[in-house]
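Engineer: Mind having a look at this structure? Questions to follow.
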Amino acid sequence: MGLDPLALINFSSRFQIIMFNVTQNGADYSNRTVCGKNNDTISGWCPEVFDDALCWPQTPPGTRANQSCPKFESFITNNLAYKDCLANGSWYVNQENVTWSDYRDCIDFESLEFYNFINFLYVIGYAVSLAALIVSLGIFLFFRTLKCTRIRIHVQLFLSFILNNIMWITWYQEVVAQVATPLRNPYWCQFLHVAKEYYMVANYMWMFCEALHLHLALVVVFVREERTMKWFYGVGWGFPFIIVLVHSLIRIFYNKDTDLCWLHERAFGGWFISIPIAVTLALSMIFLINILRVILTIMHPNSPNPAPVSIRRAVRAALILTPLFGLQFILIPVRPDNDHPMYYVYVYTSVIIIPYQGLCCAVLFCFANHDVHQAIKRSFQRNLTRQSTRWSNYQTGDSAAGVFMVNGSGQNGNTVPLLSIRRKSTQSSVKV
């Protein structure tokens, strides 16, 4: 899961796009609004054009234009970028029929290799969390004793985690790591981005539902759980749909930045995602702090009405997870510059915190859950008892054993022996 900082997730894709072929219909940067509007192009010269990174001026035919590299992440700004104007007065087009700008000298390939490695670590983290979440979800669904409202909320939280992690892994493998996909900007890629956002927001909403349920169960008390579960479904799955729908419509119709698989967002659009998540995290912490106050002051273990052990354990898990979920909102504003000594510490800290949230959730809510331990223990004991009962059907004693045909009957309706074996000290007889 996770609300990955854009600066961390899209480095390699952005570098590869600019390195190989920058298209004419790319990101709508501020330069684009004025670049290319000059109608006084000299006859036979290549026209002024914006290539998603720089505004290239009119250039005489048969010459190579050059400019300082743009101020992109980990670009070497002291180097030069090039663009060839052909003898016929048109810009050079590569074999894929795409207008070409040469930014190869701009790229810090050492940084590119580093960020490709970081993207790989994200995929590993999401995959490990995904495996743990699938096992946890299977445990919750398999055992019938784990069917209370709290576990049902766990199931929905884990389901949102699983779908979110699948979306992120697919995003890294099919979009970020592929040069051609963002350039083509297919509809499936744009839909994948929207789906990724939806499940990410749903993830945070179900975490909020966890805290809200604990608050209702311990502080409010007199609430019908069947009714609250319907509200939880609305908050967990319905509210994210509204948030992502509004955000997507703003990007499509107002900001008009739907190119490159929606990789780069400008202006204020991202606040429509960040603010609701930040608010729910703040409310979750308020609920949990209030629950902790009640447990410590009113429903402590020595009080006449102590809080149930399962509730106390759930509160402890939620108190750990909620700050963990919100930690990245602290990390994003304090992100150091690339040349800062703490920059790599920041990057690796993000890699540990963000993709492994699902694993932490699976450990705290499932693998370390006392109710789960008891359900597995009872299931094991039942299976052991069942095996013992099966063997006890064979009558043993006084050196005798018998096997009977159940569906046969004698004249009086008694069971007819199919095979009877009786062993004596030195002799045995078999009757059929």
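The values are calculated or read from the model by the stated rules, or taken from the named source; none is laboratory data. Note that the coordinates shown come from a computational prediction; the quantities given were computed from them, not determined experimentally. No Cβ is skipped: glycine too gets one built from the backbone with ideal geometry, and neighbour counts run over all protein chains shown. For the accessible areas, the whole protein counts, side chains as well, though only heavy atoms, and no ligand, DNA or RNA atoms are used. Shrake-Rupley method; radii C 1.70, N 1.55, O 1.52, S 1.80 Å.
Engineer: Amide H to amide H, which residues 5 or more places from I76 or on other chains are under 5 Å from it, using H placed in the peptide plane?
Structural biologist: I107, D108
Engineer: So what does I289 come to for accessible area, using a 1.4 Å probe and Å² rounded to 10?
Structural biologist: Accessible area of I289: about 100 Å².
Engineer: Right, something else. Of all accessible surface on the range 43-106 at a 1.4 Å probe, what whole percent is carbon and sulfur?
Structural biologist: The value for the range 43-106 is 46 percent carbon and sulfur by accessible area.
Engineer: A further question follows. Using a Förster distance of 25 Å, how high is the FRET efficiency between Y343 and R266, based on the Cβ-Cβ distance and rounded to 0.05?
Structural biologist: 0.60
Engineer: Take the alpha carbon atoms of the range 49-203, find their radius of gyration, then divide it by 2.2 N^0.38 Å using N residues; give the quotient.
Structural biologist: Computed over Cα atoms of the range 49-203, the ratio equals 1.55.
Engineer: With θ set to phi - 60°, apply the Karplus curve 6.51 cos²θ - 1.76 cosθ + 1.60 along the range 158-172 and write out the HN-Hα couplings as whole Hz, x wherever there is a Gly or Pro.
Structural biologist: Whole-Hz 3J(HN,Hα) from phi for the range 158-172: 5, 5, 5, 4, 4, 5, 5, 5, 4, 4, 5, 4, 4, 4, 5.
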